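First comes the structure, then the notes that go with it.
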Amino acid sequence: MEVQTKFNINDTVWVVADNKVTQRRITNIKISVEDPALPKITYTTIGDIKYPEQDVFKTKQELIDSL
């Protein structure tokens, strides 16, 4: 089984933190495969803050468009 992630360690991404749109750097990636059809990918950023893949965006505009 091969799992593809949207981002890699050290990528800078956009997230909502404390109700603000902000940039973070990914420090760790966790992949959990309870159901092979739906692997769960969680990104950890500086400050040990964790975000599910669906809440992490490449650009500020992509994040804003998702709201």
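The values are calculated or read from the model by the stated rules, or taken from the named source; none is laboratory data. Just so you know, these numbers come straight off a predicted model, no measurement behind them. When we count neighbours, we look across all protein chains shown, and the Cβ atoms used for this are built from the backbone with ideal geometry, even at glycine. Side chains are part of the model used for accessible areas, which takes the heavy atoms of the whole protein and leaves out ligands, DNA and RNA. Shrake-Rupley method; radii C 1.70, N 1.55, O 1.52, S 1.80 Å.
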Original post:
Remind me, what semi-axes does the chain give for its equivalent ellipsoid, largest first in whole Å, using sqrt of 5 times each Cα gyration tensor eigenvalue?
Top reply: 21, 13, 10
Original post:
If you add up the charges near residue 30, with Lys and Arg at +1 and Asp and Glu at -1, over every other residue whose beta carbon is less than 11 angstrom from its beta carbon, what do you get?
Top reply: +1
Original post:
Quick one: with all protein chains in place, what share of the accessible area of the chain is carbon or sulfur, to the nearest percent (1.4 Å probe)?
Top reply: 47
Subject >> Per residue value of the accessible surface for the stretch 1-65 (all protein chains in place, 1.4 Å probe), Å² >> reply: 72
Original post:
When Lys and Arg each count +1 and Asp and Glu each count -1, what net charge do the other residues less than 15 Å away from residue 55, Cβ to Cβ, add up to?
Top reply: +3
**OP:** Go through the stretch 36-53 residue by residue and turn each phi into a ³J(HN,Hα) via Karplus (6.51, -1.76, 1.60, θ = phi - 60°); whole Hz please, and just put x for glycine and proline.
**Re:** x, 7, 9, x, 9, 10, 10, 9, 9, 10, 3, x, 6, 9, 9, 9, x, 3
